[in-house]
Amino acid sequence: MGEAKSKILIIDDEEVVLDSCTQILEGGPYHVATAMDGTFGLELVQEFQPDVVFVDLKMPGIQGFEVLDRIHSFDPTIVAIVITGYATVSSAVEAIKKGAYDFLPKPFTPDEFRVITRRGLERRKLVQETTALRREREMLREHFAAIVSHELKSPIGAVQQNLFSLEYELSDLLTEDQSSRIERMKSSINDLLELIRTWLRVITTDADIKKLRESFQPLSVESMISKAVESVETHANRKDIDLVVSLESPLKPVYGDEITLVEALVNLMSNAIKYSRMGSQIFVNAEEKENEILITVADRGVGISEEDLPFIFGDFYVGELSPDTERGSGLGLAITRRIVEAHGGSISVDSALGKGSTFVIRLPAMNTERHNEPAQDEGVLANS
Amino acid sequence: MSKGKRLLIIDDDPDFVEGILSILETAGYEVETAYNPKDGFDALESKQYDLLLLDIMMGRGAEGVMIARKMRKDPKLREMPVLIITGIREQIAYLFPGQPMHPHFVEVDELVEKPVEPDFLLERVSALIKAAEDRKAKG
């Protein structure tokens with residue numbers, strides 16, 4: 001890569017400028033291309049793929065500013081430098097606002113041109129390195145998920161499987177004490193698997209959701225709420241907590257991925273249960289307001305202190321005042337927020353220490369009349 | 001019920017395989033194992049089984065899926081019930097957009113997640129074999 005010559009493109013309607021610039025750079029590690037107007041210049045941007053482009057702001061035909069815009073929409077990593085014949089500060093400032101890296105007032109000396117070219121190329125290198133690093137980080141993130149999944153989950157899963165089978169084969173021989181030790185092992189390993197699963201969710205949620213978006217479909221809010229309630233019911237019963245559900249009817253559907261949205265609701269409900277006292281109530285409401293579906297989960301539990309509120313949707317926040325010994329991974333709300341935002345919605349909270357918390361998920365409502373034939377819509381809803 | 005029934009397990013994780021193999025053998029099944037997709041498919045083609053237990057993530061990727069697809073095209077293997085046992089329910093979501101939880105690889109299949117409880121495993125295995133036999137009886 002170090003051997004490769006840098007590519008410089010100069011777009012200017014004055015032939016003398018093009019000639020002298022080419023001459024100045026001659027003999028250096030550069031490929032130089034020139035264009036007399038914006039249209040041809042933009043063609044060259046695509047063909048020649050320059051590292052640095054000099055653009056004269058004042059040209060017949062397409063204006064310099066427009067050329068700048070189009071260069072950036074083609075490849076935002078190309079470094080653009082404007083040449084201003086009428087060196088007014090305002091046009092230079094505007095060019096920089098539009099994404100130009102620097103400006104070169106006419107007339108300029110060969111040295112000035114060489115220096116600004118070199119700086120432009122350094123800039124280009126930096127931009128490319130940043131882009132490459134960012135891409136690498138994304139890949140690492142995705143691969144990390146796969147690695148954790150295979151290298152960590154598989155062996156632990158295999159250990160669990162063998163515990164299952166040992167217990168099964170030895171069921172007639174094990175003493176009560178031995179059985180209970182196996183039970184405890186199974187339960188610890190299960191917690192470990194759950195934890196890995198949750199971490200994986202955080203790492204992959206963003207990438208996952210992007211992929212899931214391709215298969216978004218109309219979803220019934222009522223059905224998602226009842227699925228979520230179903231999955232937390234045992235937990236609620238264990239703490240003698242009453243889940244009071246009240247839904248406005250009818251509710252418009254929302255557009256999204258059912259599995260992740262139900263997961264978001266389950267997260268809010270499990271939190272509400274976790275931070276509620278034995279025998280209390282949790283209220284789940286859904287209504288439509290200004291073309292949004294509002295789903296509210298309210299508890300009368302321990303609440304969240306004002307200092308903590310700004311952090312609860314971040315990674316690894318764990319409420320400190322859980323009335324029992326339950327402890328979470330601190331990732332539930334972070335995942336929930338990611339899921340809701342990926343659906344074009346928002347999540348907010350209102351809480352007072354000792355009084356309880358109210359979480360509200362807002363999702364854009366779907367206008368059923370505009371989509372598909374009603375019959376088909378109903379079919380989709382019934383399935384989901 | 002399990003007497004004389006022949007099962008094949010295709011999974012590249014020998015430790016996991018041991019954990020289900022002993023459950024199935026204790027329950028009276030005759031079980032063979034293959035630890036890579038190629039041996040697995042060779043066994044499927046050359047011998048007769050009542051059910052296949054299939055892992056998804058093997059080798060360089062979702063090679064279990066390749067086996068399932070090949071089976072669907074094979075007139076002889078198409079009817080064989082398949083129990084997919086996998087640790088990757090989440091990842092399946094983006095392998096098969098639109099069918100996140102239960103991808104129908106072959107006509108008669110079912111998916112359980114690793115690790116799997118003995119009673120549940122045995123129940124699914126016997127139910128799938130029975131369903132396949134009923135289908136055959138009906139012709």
Once you put a point 7 Å from the Cα of A:ALA132 and another 7 Å from the Cα of A:ARG197, both along the Cβ direction, what distance in nm separates them? 4.1
Proximal charge balance of A:GLN46 [Cβ under 11 Å; K/R count +1, D/E count -1]: -2
Sum of side-chain charges, A:ILE293 neighbourhood, beta-carbon under 12 Å (Lys, Arg +1; Asp, Glu -1): -3
Give me the one-decimal nm value for the distance between modelled label points at A:GLU112 and B:ASP134, 7 Å along each residue's Cα-to-Cβ direction. 8.8
Excluding residues on the same chain fewer than 8 positions from B:LYS76, give the lysines whose Cα lies under 26 Å from its Cα. B:LYS3, B:LYS5, B:LYS38, B:LYS47, B:LYS130, B:LYS136, B:LYS138
Report, by chain and number, residues whose modeled amide H sits under 5 Å from the one on B:LEU53, excluding near sequence neighbours (fewer than 5 apart, same chain). B:LEU8, B:ILE9, B:ILE10, B:LEU83
Taking A:LYS252 as the anchor, which lysines have their alpha carbon closer than 21 Å to its alpha carbon, excluding any fewer than eight residues away along the same chain? A:LYS227, A:LYS289
Surrounding charge for A:TYR168, neighbours by C-beta under 10 angstrom, Lys/Arg +1, Asp/Glu -1, total -4
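Every number in this text was worked out from the coordinates using simple rules, so none of it is lab data. Source: prediction; values computed, not measured. Neighbour counts run over all protein chains shown; Cβ positions are idealised from the backbone, glycine included.
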